[in-house]
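Here the structure is laid out as structure tokens; the discussion comes afterwards.
The values are calculated or read from the model by the stated rules, or taken from the named source; none is laboratory data. Note that the structure is predicted; figures quoted are calculated from it, not measured. Heads up, the Cβs are rebuilt from the backbone with ideal geometry, glycines too, and the neighbour counts pull from every protein chain shown. What goes into the accessible areas is simple: the full protein's heavy atoms, side chains included, and nothing from ligands, DNA or RNA. Shrake-Rupley method; radii C 1.70, N 1.55, O 1.52, S 1.80 Å.
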2 protein chains.
Amino acid sequence: MPERKIILSEREIPKQWYNLVADLPNPMHPPLTPDGKPVTPDMLSPVFPMNLIEQEASTKRWIDIPEEILEILCRWRPTPLRRATYLEKYLNTPARIYYKDESLSPAGSHKPNTAVAQAWYNKEFGIKKLTTETGAGQWGSALAFACQLLGLECKVYMVRISFDQKPFRKILMRIWGAECIASPSNQTKCGREILQKMPDTPGSLGIAISEAVEEAVADKSGRTRYSLGSVLNHVLLHQTIMGLEAKKQLKIAGEKNPDVIIGCAGGGSNFAGLAFPFMINKINGEKIDIIPVEPTACPSLTRGPFAYDFGDIACQTPLLAMYTLGHAFVPPPIHAGGLRYHGMAPLVSEAVRSGLAAPRAVDQIKCYESALIWSKTEGSICAPETSHAIACVIEEAQKAKQEGKEKVILFNYSGHGLLDLGGYEKFLDGKLTDYVLPEEELQKSLNNIKNLPKPKIK
Amino acid sequence: MPERKIILSEREIPKQWYNLVADLPNPMHPPLTPDGKPVTPDMLSPVFPMNLIEQEASTKRWIDIPEEILEILCRWRPTPLRRATYLEKYLNTPARIYYKDESLSPAGSHKPNTAVAQAWYNKEFGIKKLTTETGAGQWGSALAFACQLLGLECKVYMVRISFDQKPFRKILMRIWGAECIASPSNQTKCGREILQKMPDTPGSLGIAISEAVEEAVADKSGRTRYSLGSVLNHVLLHQTIMGLEAKKQLKIAGEKNPDVIIGCAGGGSNFAGLAFPFMINKINGEKIDIIPVEPTACPSLTRGPFAYDFGDIACQTPLLAMYTLGHAFVPPPIHAGGLRYHGMAPLVSEAVRSGLAAPRAVDQIKCYESALIWSKTEGSICAPETSHAIACVIEEAQKAKQEGKEKVILFNYSGHGLLDLGGYEKFLDGKLTDYVLPEEELQKSLNNIKNLPKPKIK
């Protein structure tokens, strides 16, 4: 029997992050102001600390990970690479399925990889408090955890629908000393305006971002900054530690680079963190199918245009060149709260545009069916977000069987679902329905961005 | 910086369980029938399969672990031994604190170690269905998981107070294909009688055991047996894999055997599983403080007499020689549901009686305070049961500081608290109170056992 877990010692943890920007076939489209001018570091400085702004703009291929960050990451990293032998057997597939188990972090997902790094850089820069938004609470609890360890204050605006339906990660945030409130709230101008217009809104990540940014910028003492859990270059950079570890671990398992790499994609960070360190191999000619998977209810990569758009509903962020459903898009309350974002990381968007990755969308029912197959074979309970990746893994493993090919499939087991059991219960009770975004609604949402500057496509 | 995790490869998993019975200074008191006669294997055969009955009575020191069981355990075992460097720093103690991280199993606790073994032995014996009881749901979900993997049916009687207050492990059991109902139920004679007398009872493990045993025995086809998650010799035996792994891991860390070993104790299995493999060292003259920790609300080891008593409220089980609060004792609804049992494993009881272990009781508030210190330093969220061990670890680390001694403290991190966050919230809201069992209530409960046979103390 092969070992089911490939484990690295703490000494083997990667010492540098990998920056895909250095290897992209085309240069990135720069962030713009609403009137089409490039955003300067100064403009961002009320929102982020300068050390992270520099990292955001870096084109260096390798960036050293500070020793203190490594020390904190080693509380739970390197994470195991596991082989899903029982799922393979169940599917009777010749594919060998490996997964990076990010569910083992204290917050239960990959999010602490960047939360710790961001909290550390902010602390280095003299910041005392971080604000942020969260959907299902994976990111908010991860940042609360990191701030607790580093002695920073933390305030989290949580999308109202999740705040009400998923009370547990709120308690996690409280245990780790953070303040968590429902968004839209009456604590910000933006929140009050939205509540006036739509008092019953379930909220959205776009709204919560607006509120968190507003609070950070409003603190004129300079002690508060904002922190984002996905989308931005430096966030994706911090996550590449996952793919770099997986690359070492596959070698130990005696495997070549994977034939297929899969990750679910909301803002894009767990997908990017696993896939980017292998993209350089694809750029250099290796054949790898790289698949970000999103919900049919929020299909930015598969149905949105590549366009400049705001990252938030209040149009406070710079314009980012990305696949987007329009910044005013409020996705339906599906259970994968972490995938309810209107846009997609510019770096992931550029990778897709360049043909380095080929996105796919899956509906909610198929995701829960796949999650059930997973828990009945591999035994663990995946997050609703992660179930999107698993649905695609099953498709790819079945395809390998049809083709009679011994493919190596690698995916990111981005988090556990122990705090999301309500969705499983609804599924088991037959109360969940599919949701595919109607074209009409998409077009209506895209109207909001038609007068913005357009990316120049090379 | 020392490595924080000591990891064994799957090849290094122990291949045999350790049976303390072989090394006890005094022979065990045998299980008796209510009229004082020794229980024969035949009497137990409607309840357990014969292969486990033989294991229950075994006096062999080492018992081979079947290859198929090892293969399933290797889904998550060997578990890491971790060092709590951040707690050490916070306490400014010279003690080195190690913990066996059993929270990493799919069910989130140490329980699957025996669930998998019991399901396997039952399947070997031709059994198709297992019944059991569960408190907070740790054991029920572990058995559901094991039965799912081995293709057995599973029916769980869950203590009503937990069924109502802790709905999440119910969903886990459903995901893993088990049937879970609230106890007392109207599906058994015993349940119906109790519901008639006490329609508002919160239930207890004793009641739920009665119901699960009744259902197993009532199936005259012989395809159903009962499974117990703690207390019995074979259950504790299966758990010794934890201590055996920890012993190897401490050697790798360059440590001698621990000075102090700590585990929370409800039925006794997580404590025993960690401590027993080191007890032989204590029997052979090493100085080790071995401490089972129980709640002040359910203090069988610290305040109960060593006596023969039934394992369940309906007096269906054999009489076991153990520390007990009386089989009719219904503990108050404290949050550590797994520690709400009136008795204690006979093997743990015998170890305490022989001076091999020295029990301690901690109240609920101190436990949650300790859990908060843990999550703020080490970062993870422990189960309410595990917080009892942590409270004692903190006491012992402070004692080591006062004595200026570089002690090695080992404890069992028996499970995570991600499905028990309601208790944390109540604690943070200041809504929890201490509970110390009143002497009067204890004496009243003990009246029920005064006419039972008495153990002959050597």
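Based on this model, can you work out whether B:I69 counts as farther than 30 Å from B:A400 by Cβ and within 14 Å of chain A (Cβ to nearest Cβ)? So B:I69 passes the test. Apart from one condition, B:E124 fits all of (1) at positive phi; (2) open to solvent by 10 Å² or more (accessible area, probe 1.4 Å); the exception is (1). Number of residues in region A:286-300 that are touching a residue at least 60 places away in the same chain (Cβ under 8 Å), over 17 Å from A:A397 (Cα atoms) and either of a type in the set (F, W, Y) or open to solvent by 10 Å² or more (accessible area, probe 1.4 Å) (or both) equals 1.
Would it be correct to say that A:G404 is farther than 20 Å from A:G267 by Cα, in contact (Cβ under 8 Å) with a residue 40 or more places away in the chain and more than 14 Å from chain B (Cβ to nearest Cβ)? The answer is yes for A:G404.
Among the conditions (1) assigned to a helix (DSSP H, G or I); (2) surrounded by fewer than 18 Cβ atoms within 10 Å (Cβ to Cβ); (3) in the same structural domain as B:A272 (by TED's automatic domain parsing), the only one that B:L250 does not satisfy is (2).
For region A:1-32, taking the residues that are of a type in the set (V, I, T) and within 14 Å of chain B (Cβ to nearest Cβ), the one that is most open to solvent (accessible area, probe 1.4 Å) is identified as A:I7.
In region A:274-300, which residues are under 17 Å from A:T240 (Cα atoms) and of a type outside the set (A, V, I, L, M, F, W, C)? Answer for region A:274-300, where residues must be under 17 Å from A:T240 (Cα atoms) and of a type outside the set (A, V, I, L, M, F, W, C): A:P277, A:N281, A:K282, A:P292.
Identify all residues within region A:173-187 that are closer than 22 Å to A:I334 by Cα and within 14 Å of chain B (Cβ to nearest Cβ); write none if there are none. Listed by number, the list holds a single entry, A:C180. Return yes when B:L143 is part of a helix (DSSP H, G or I) and within 14 Å of chain A (Cβ to nearest Cβ) and no when it is not. Answer is yes for this residue. Would you be able to say whether some residue in region A:64-78 is closer than 24 Å to A:E245 by Cβ, in contact with a strand residue (DSSP E or B) (Cβ under 8 Å, 6 or more places away or on another chain), open to solvent by 20 Å² or more (accessible area, probe 1.4 Å) and of a type outside the set (S, T, N, Q)? Checked region A:64-78: at least one residue is closer than 24 Å to A:E245 by Cβ, in contact with a strand residue (DSSP E or B) (Cβ under 8 Å, 6 or more places away or on another chain), open to solvent by 20 Å² or more (accessible area, probe 1.4 Å) and of a type outside the set (S, T, N, Q). Inspection of region B:136-154 identifies no residue that is crowded, with 24+ Cβ neighbours inside 10 Å, polar (S, T, N, Q), over 16 Å from B:D420 (Cα atoms) and touching a Lys or Arg at 6+ places or on another chain (Cβ under 6 Å).
Assess whether A:I175 counts as being open to solvent by less than 30 Å² (accessible area, probe 1.4 Å) and modelled with pLDDT of 95 or more. Yes, satisfied. Among the criteria (1) closer than 26 Å to B:K454 by Cα; (2) among the hydrophobic types (A, V, I, L, M, F, W, C); (3) more than 15 Å from the chain's Cα centre (by Cα), the one B:M322 does not fulfil is (3).
Helices (runs of 4 or more DSSP H) fully within region B:147-201 that include at least 3 residues being under 23 Å from the mean Cα position of the chain (by Cα): B:160-165, B:168-175.
Residues of region B:335-394 being under 24 Å from B:K166 (Cα atoms), of a type in the set (V, I, T) and open to solvent by 10 Å² or more (accessible area, probe 1.4 Å), which ones? Within region B:335-394, B:I365, B:I373 qualify. Of all residues in region A:245-286, those that are more than 19 Å from A:I409 (Cβ to Cβ) and over 16 Å from the mean Cα position of the chain (by Cα) total 4. Candidates A:I241, A:I261: the one that is open to solvent by less than 10 Å² (accessible area, probe 1.4 Å) and outside any helix (DSSP H, G or I) is A:I261.
Just checking, which of A:T324, A:T317 is of a type in the set (S, T, N, Q), in contact with a Ser or Thr (Cβ under 7 Å, 6 or more places away or on another chain), surrounded by 22 or more Cβ atoms within 10 Å (Cβ to Cβ) and outside the structural domain of A:T40 (by TED's automatic domain parsing)? Full working, then the answer.
Details: A:T317 fails: in contact with a Ser or Thr (Cβ under 7 Å, 6 or more places away or on another chain).
Exactly one of A:T324, A:T317 is of a type in the set (S, T, N, Q), in contact with a Ser or Thr (Cβ under 7 Å, 6 or more places away or on another chain), surrounded by 22 or more Cβ atoms within 10 Å (Cβ to Cβ) and outside the structural domain of A:T40 (by TED's automatic domain parsing), namely A:T324.
Based on this model, can you work out whether A:K123 counts as more than 11 Å from every other protein chain (Cβ to nearest Cβ) and assigned to a helix (DSSP H, G or I)? Yes. Number of residues in region B:319-376 that are aromatic (F, W, Y) and more than 14 Å from chain A (Cβ to nearest Cβ) equals 3.
For region A:39-46, the condition of being out of contact with any Gly (no Cβ under 6 Å at 6 or more places or on another chain), on the phi < 0 side of the Ramachandran plot, assigned by TED's automatic domain parsing to the domain that holds A:E211 and open to solvent by less than 20 Å² (accessible area, probe 1.4 Å) holds for none of the residues. Annotation: B:S221 fulfils all but one of (1) farther than 25 Å from B:A95 by Cα; (2) part of a loop (DSSP other than H, G, I, E, B); (3) open to solvent by 30 Å² or more (accessible area, probe 1.4 Å); (4) in contact with an Asp or Glu (Cβ under 8 Å, 6 or more places away or on another chain); the unmet one is (4).
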